[in-house]
Amino acid sequence: MTYASLSPQAALPSPSTAVWQLGPVPIRAYALCIIVGIVLACWVTERRLRQRGVAPGAVLDIAVWAVPTGIIGARIYHVLTSPEKYFGAGGDPMKAFAIWEGGLGIWGAVAGGAIGAWIAARQLGIPFSVVADALAPGLPLAQAVGRIGNWFNNELYGGRTTLPWGLEIHRMDPDNPGHALRDDAGQPILEPGLYQPTFLYEALWNLGVVALVLVLDRKLRLGRGRAFAVYVMGYTVGRFWIELMRTDEANQIFGVRLNVWTAALVFLGALLYFVRVRGPREYLIPLGAAATPTPPTTSDVSQVDLSEQEAGARAAAPEGYRVVSEEQFRTWQDTGVAPPEPADGDDDGSDEPAPTGDPARADGTRDAHDGERADARPADRDS
């Protein structure tokens, strides 16, 4: 007899297997979900970066730094908040490096990923706030997909419930990770009753955060990292009440789970940032070889050498970027003429990008470099 008969018929099932063997290589469902989430986040971020003027492919340069540092940060947070598993009585310090056995903290992942993204942004010459705002809807989308991995692992569920969407939980085999224990008939054993599917609540909440960021960003034209602050506030509100429902083992402070306190503090920090920071959305104009936008062609497709265009696009890597207003960016896209760079000492200390206008100096002269750049653009665009 199994415990399955103790559960009502209406229930959400759980997989009994979370690991599959491909020869000697284990394929873990949780890892696959994380990878799919990262790919989706990169796709969303790439589109949003390009809408703000960043050259194609920049997200890959950012991901090369952000993904490894995010994983390291996630593991560090887990180890620091559960030290007894590794450094307490009976603990094994070397297990702290066994990341494949599970144990990642989203707070450390965001912090570590932010450090990596900041390093990459500096190398690319992109303001970090632009990267953060571009990532804002992609990150909760990745988290939503990642929570499906918790479903495969039969973990991160809440207390007992009689709701029709109550979750069946398998009793997992400690000697065969990723597989449920089985009875004498070979059937997977279920824990008695149904449980709150808190992983599902968080996944759905994260999808709502994606929509919230996109709507507010479109309506308010958020910039200076404020779209990312909206994501942080939205996520932490959900994490606060969902964390209170969870029953898995966790360290507590004053009888409250540590992650509840973390969610509250991070929310307050994001709220303070959102309220205090002001400024328009930043747009970027590339400098150097890629300083001229590629205009749409009106010629017959058969007469266009696509291989030559692609080779030229790959060679034209920006040397850096200038921050401009949306109006200046649209003008540059339409005409190929960049707004003049502010002269030394012309910065008034405001948050607004340099205004458009004639690049003439106050004394009536023009900078030779400005003149050459403006004169060269029409020829470049016609070539």
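Just a few scattered comments:
- One residue alone among G234, G255, G193, G223 is modelled with pLDDT of 95 or more and in the same structural domain as W20 (by TED's automatic domain parsing), and that residue is G234.
- Candidates in the stretch 161-199 are the residues that are assigned to a loop (DSSP other than H, G, I, E, B) and β-branched (V, I, T); of these, the one that is farthest from L244 (Cα to Cα) is I189.
- Selection over the stretch 78-102 of residues that are surrounded by fewer than 18 Cβ atoms within 10 Å (Cβ to Cβ) and under 19 Å from E155 (Cβ atoms) gives a count of 9.
- For first residues located in the stretch 256-282 and over 20 Å from A136 (Cα atoms), partners that are assigned to a helix (DSSP H, G or I) and among the aliphatic types (A, V, I, L, M) and lie 6+ apart or on another chain with Cβ distances below 9 Å form the pairs V256/L244; R257/L244; N259/I106; V260/L244.
- Any pair with Cβ under 9 angstrom, 6 or more apart, that starts in the stretch 326-345 at a residue that is surrounded by 15 or more Cβ atoms within 10 Å (Cβ to Cβ) and at pLDDT below 90 and ends at one that is in a helix (DSSP H, G or I) and polar (S, T, N, Q): V337/T331; A338/Q328; A338/T331; P339/Q328; P339/T331
- When restricted to residues that are out of contact with any Ser or Thr (no Cβ under 8 Å at 6 or more places or on another chain) and not in a helix (DSSP H, G or I), the stretch 200-246 contains 2.
- Count of the stretch 140-188 residues, restricted to those that are of a type in the set (S, T, Y) and either in contact (Cβ under 8 Å) with a residue 40 or more places away in the chain or touching an Asp or Glu at 6+ places or on another chain (Cβ under 7 Å) (or both), is 2.
The values are calculated or read from the model by the stated rules, or taken from the named source; none is laboratory data. Here the structure is a predicted model, which means the values were calculated and not measured. Please note: Cβ atoms are built from the backbone with ideal geometry, for glycine as well, and neighbour counts cover all protein chains shown.
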